[in-house]
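Visitor: Before I ask anything, let me first share the structure, which is written out below as structure tokens.
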Amino acid sequence: MEYAVESIDLSKAYGSNVALDGLNLKVREGEIIVLLGPNGSGKTTFLQLISTVLKPSGGTAIVMGHDIVGEPLKVRQVATISFQDPRGFWRHKPSHILSFHASMYGVPGQNRRELVERTLKEFDLWDSREKKFMHLSGGQAKRLEVAKLFVHRPRLAIFDEPTTMVDLDGKRTIWDKIKQLREEGSTVIVATNEVREAEYLADRITIFAKGREVVTDSLSNLKDSVRGGDVVDIEFAQPVTRAMVDELSSVRGTAKVSLVAEGRLRVQVNRSEDWLPEVTRRVYSMGVKLSSIKVTEPSLDDVFMQYTGGGGP
């Protein structure tokens, strides 16, 4: 099976409000794909459709070989979602919540206690295991919501904003555990508004806007696609001349050349790895000496701006 998830003209509308608009998205088996987009872009709606929490208004999706419309029970056996807002009965305790979740997915009783104990410790919830859900802090409740997926390790693990309300140490723990899921054979989908989270986790990134997929690709390819996205600061051992500026401007891939000091230029280029060797050759052929070169890649925010024309995710 090449695709763990394949949506086919998948749509969801609430009256006149279209939350998802004919989405055709393919998720490869065994990858971590991160959905990035602003609030209201359709990320959560997509996750809740493919996990059968919601029913589509049109189209469908195939999840691990099962149709979300015709085979919702089979989909739930292979796909589990960690919700954006932690969910639990207010009087239940973390240990009971995880034990119940494990039992629902057929984890044998003799293994359940050990697995729950290990999971509570891994997510820094052991000391809170006897607290009632209503007494957990926001960060504790969120870690518990994420931890549910680690007591049975679904074939498709779905995370909606997995580190909101979680401190920095907790974020890194959750990110590493999500990567571990992928390494152990799960396919993972993560929706987030955090650029750092997307960069850390993603094998591929899908940018959403207005209920549609704008682009899907690897982070490196997305950054390479930003026109003039690489910024190269070049310092020379002598003052910059007009001839030097003209020579650099003529190199293929140059978007903009700016003089920032008497002996320094800042150049916006496409794919600096291709641009720099040619520039170095030309500069030396002119008898000009280079003092330093510094390259800054475009950020994921730059990618987002290029594809959506709006503010950051």
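The values are calculated or read from the model by the stated rules, or taken from the named source; none is laboratory data. Predicted model, so just to flag it, every value in this text is computed and none were measured. A quick note on method: Cβ atoms are made from the backbone with ideal geometry, for glycine too, and the neighbour counts reach across all protein chains shown.
Visitor: Only residues that are of a type in the set (V, I, T) and over 16 Å from S186 (Cβ atoms): list them for region 54-82, please.
Guide: Passing the criteria: T60, I62, I68, V69.
Visitor: If you go through region 196-203 one residue at a time, do you hit one that is buried (at least 16 other Cβ atoms within 10 Å of the Cβ), in contact (Cβ under 8 Å) with a residue 40 or more places away in the chain, within 30 Å of T254 (Cβ to Cβ) and not β-branched (V, I, T)?
Guide: Looking through region 196-203, at least one residue is buried (at least 16 other Cβ atoms within 10 Å of the Cβ), in contact (Cβ under 8 Å) with a residue 40 or more places away in the chain, within 30 Å of T254 (Cβ to Cβ) and not β-branched (V, I, T).
Visitor: I need a count of the residues in region 100-131 that are surrounded by 15 or more Cβ atoms within 10 Å (Cβ to Cβ) and in contact (Cβ under 8 Å) with a residue 40 or more places away in the chain.
Guide: Total meeting the criteria: 7.
Visitor: Of all residues in region 182-195 being of a type outside the set (A, V, I, L, M) and part of a helix (DSSP H, G or I), which is surrounded by the fewest Cβ atoms within 10 Å (Cβ to Cβ)?
Guide: The residue in question is E183.
Visitor: So is K179 over 24 Å from F46 (Cβ atoms), assigned to a helix (DSSP H, G or I) and of a type in the set (D, E, K, R) or not?
Guide: Spelling it out, it is not the case that K179 is over 24 Å from F46 (Cβ atoms), assigned to a helix (DSSP H, G or I) and of a type in the set (D, E, K, R).
Visitor: Looking at this structure, is T163 within 24 Å of D301 (Cα to Cα), at pLDDT 95 or above and not aliphatic (A, V, I, L, M)?
Guide: yes
Visitor: Quick check on region 284-311: of everything there that is in contact (Cβ under 8 Å) with a residue 40 or more places away in the chain and more than 34 Å from the chain's Cα centre (by Cα), which residue is surrounded by the most Cβ atoms within 10 Å (Cβ to Cβ)?
Guide: So the residue we want is V288.
Visitor: Kindly indicate which of S220, S258 is out of contact with any His (no Cβ under 9 Å at 6 or more places or on another chain), part of a helix (DSSP H, G or I) and of a type in the set (G, A, S).
Guide: None of the others qualify; the one that does is S220.
Visitor: Taking the criterion of being closer than 23 Å to G185 by Cβ, charged (D, E, K, R) and more than 25 Å from the chain's Cα centre (by Cα), would at least one residue in region 102-115 satisfy it?
Guide: Within region 102-115 (the criterion being closer than 23 Å to G185 by Cβ, charged (D, E, K, R) and more than 25 Å from the chain's Cα centre (by Cα)), the answer is yes, since at least one residue qualifies.
So that you can scan it fast, the table gives a plain yes or no per residue for (1) touching an Asp or Glu at 6+ places or on another chain (Cβ under 7 Å); (2) basic (K, R); (3) in the same structural domain as R76 (by TED's automatic domain parsing); (4) part of a loop (DSSP other than H, G, I, E, B):
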site: K131; (1), (2), (3), (4): no, yes, yes, yes
site: M134; (1), (2), (3), (4): no, no, yes, no
site: G139; (1), (2), (3), (4): yes, no, yes, no
site: K142; (1), (2), (3), (4): no, yes, yes, no
site: E145; (1), (2), (3), (4): no, no, yes, no
site: K148; (1), (2), (3), (4): no, yes, yes, no
site: I158; (1), (2), (3), (4): no, no, yes, no
site: T163; (1), (2), (3), (4): yes, no, yes, yes
site: V166; (1), (2), (3), (4): no, no, yes, yes
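Visitor: Within region 26-41, which residues are within 24 Å of K179 (Cα to Cα) and buried (at least 20 other Cβ atoms within 10 Å of the Cβ)?
Guide: V27, I32, I33, V34, L35, L36, G37, listed by residue number.
Visitor: Look through region 261-275, keep the residues that are part of a loop (DSSP other than H, G, I, E, B) and of a type in the set (D, E, K, R), and return whichever of them is nearest to V231 (Cα to Cα).
Guide: Applying the filter and picking the extreme gives R271.
Visitor: Sticking with this one: Within region 224-255, how many residues are among the aliphatic types (A, V, I, L, M), farther than 13 Å from E297 by Cα and in a strand (DSSP E or B)?
Guide: 2
Visitor: If you take the residues of region 1-25 that are surrounded by fewer than 16 Cβ atoms within 10 Å (Cβ to Cβ) and of a type in the set (D, E, K, R), which of them is farthest from the chain's Cα centre (by Cα)?
Guide: D9
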